[in-house]
Amino acid sequence: MKSTRLQIISLGGIEAFAGAMLMFFFPLFFKEQLGLSGAQIGLLYALGSATGFLTILPIGFINDKLHCRRLIISGLALSFVSYLILPYITTFQGIMFAFIGLSLGFTLFIISIESLLHKVRESENRGLYYGTYNATKSSGVALGMIAGGIILSQLNFTTVFNINAVIYGAMIFLALFLPSTKLGKVQFAEYKKDILNSNVLIFLFIIFIFALHFGAESTSYGLFLQENLHLSKFHMGLYMAGELGAMVLTSILLGKAVDKKKISILTVFIIGVALSGLTHIFMTVPVVWFSFLMRFIHGVGDGAMFIFIFIGVSKFFEKERLGGNKGVVEFAIKAGVIAGALIFGPLGEIGGYHLPLIYSGALEIFGLLIFLIFLRKRFNFTT
């Protein structure tokens, strides 16, 4: 069982590395090489998110009916093919289909790998287990950002596309050795009962509000660093990686602290969303060292929120229905990303790329205030 958890954590980290090499650089590719407008970039991200939005629930439910391993391999194969064809696409329509392919591949992979992550968990040391997984993913993202910045500053996007095709091909081979999961007979009425629980509804509201800032970042973060802070691609990679370093430390330390009952998971949430929202606002100050410091603290907030979400999923949902319910959680995240991309994509082009970061951070704080004033007494969350 321990080797299985190591396989899952390793695959999560490798995929995070590959995805991060282009995560925030894609808007630059769209703008500089394809000449797309801010509205078109926002539409691309919205379509990518919509693809995940429409397929998350079916994929989640299927994870309770089929072996997770098959779905993991299918997702990796879709990403592999998409990266193979990306260097040869020059039109908006072509990039739209490739981007949708990447979104579907990622959705298949992440829902399935994290369903398996939860299905093989042990009852003890959940905080450290999920913290290690999130820290490994964050490390992968940090290293991927640095690698992407270096490669793009010296070579081009085609090189990164080809490297990613190789990485995803290797991951397909590694995924063949994942174990089969235990399958059971689950009725949809059981999922409905799970989701309509008042604690779960509040949990999903929290996740949606938090995810809005990811939509802002997807369309504006890279462009803010380039246009407002005037960073090179290499320095953009270093800047972005700093935040992930904070997430690595936060995931491990908070995971251990939650296991040892040194901090409540509700406190983790309140601190996480407060830091995430406030620093998303203050990172827009056009002084590089100060902006970087705020972004580093932002990583602490986001890291805390991911621990809160992972432990929340493990607390509220039974293993036999974890795939479908994990799909619902990811559905809430995608809904927030779509809303954020549609709202903030055009806003960045019209008023400056700092505005999406400011407004999305303010929405996080607003959501926290709603929770503390109206929902706190109704939310029962103890580990």
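The values are calculated or read from the model by the stated rules, or taken from the named source; none is laboratory data. Given the structure is predicted, the values throughout are model-derived calculations rather than measurements. In this analysis, Cβ positions are derived from the backbone assuming ideal geometry, glycine residues included, and neighbour counts consider all displayed protein chains.
All conditions but one from (1) of a type outside the set (A, V, I, L, M); (2) crowded, with 16+ Cβ neighbours inside 10 Å; (3) part of a helix (DSSP H, G or I); (4) out of contact with any Lys or Arg (no Cβ under 6 Å at 6 or more places or on another chain) apply to Thr284; the one that does not is (3).
Applying the criterion of being closer than 15 Å to Asn164 by Cβ and surrounded by fewer than 20 Cβ atoms within 10 Å (Cβ to Cβ) to the residues of the stretch 85-97, the residue that is modelled with the highest pLDDT is Ile85. Looking across the stretch 303-335, the residues that are small (Gly, Ala, Ser) and in contact with a Phe, Trp or Tyr (Cβ under 9 Å, 6 or more places away or on another chain) come down to Ala304, Gly312, Ser314, Gly323, Gly324, Gly327, Ala332, Ala335. Selection of first residues in the stretch 205-223 that are aliphatic (A, V, I, L, M) and of second residues that are outside any helix (DSSP H, G or I) and crowded, with 23+ Cβ neighbours inside 10 Å, restricted to Cβ pairs under 8 Å at least 6 apart or on distinct chains, gives the following pairs, ordered by first then second residue: Leu223/Tyr353. Only one of Phe269, Phe234, Phe208 is more than 30 Å from Ala39 (Cα to Cα) and in a helix (DSSP H, G or I). Can you tell me which? Exactly one residue qualifies, and that residue is Phe269. When the criteria are applied in full, Leu223 meets the requirement of being on the phi < 0 side of the Ramachandran plot and buried (at least 20 other Cβ atoms within 10 Å of the Cβ). The helices (runs of 4 or more DSSP H) falling completely within the stretch 1-120 that include 2 or more residues that are touching a Cys at 6+ places or on another chain (Cβ under 8 Å) and closer than 30 Å to Glu190 by Cβ map to 92-119. Checked against the criteria, Ser251 counts as surrounded by 24 or more Cβ atoms within 10 Å (Cβ to Cβ), under 23 Å from Lys119 (Cα atoms), at pLDDT below 95 and in contact with a helix residue (DSSP H, G or I) (Cβ under 8 Å, 6 or more places away or on another chain).
Quick grid of which residues meet (1) over 18 Å from the mean Cα position of the chain (by Cα); (2) without any contact (Cβ under 8 Å) to a residue 40 or more places away in the chain:
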| position | (1), (2) |
| --- | --- |
| Val287 | yes, yes |
| Phe292 | yes, no |
| Gly301 | no, yes |
| Val313 | no, no |
| Gly327 | no, no |
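Taking the stretch 135-169 as the range and being in a helix (DSSP H, G or I), surrounded by fewer than 19 Cβ atoms within 10 Å (Cβ to Cβ) and not β-branched (Val, Ile, Thr) as the test, the residues that pass are Leu143, Ala147, Ser153, Gln154, Asn162, Gly169.
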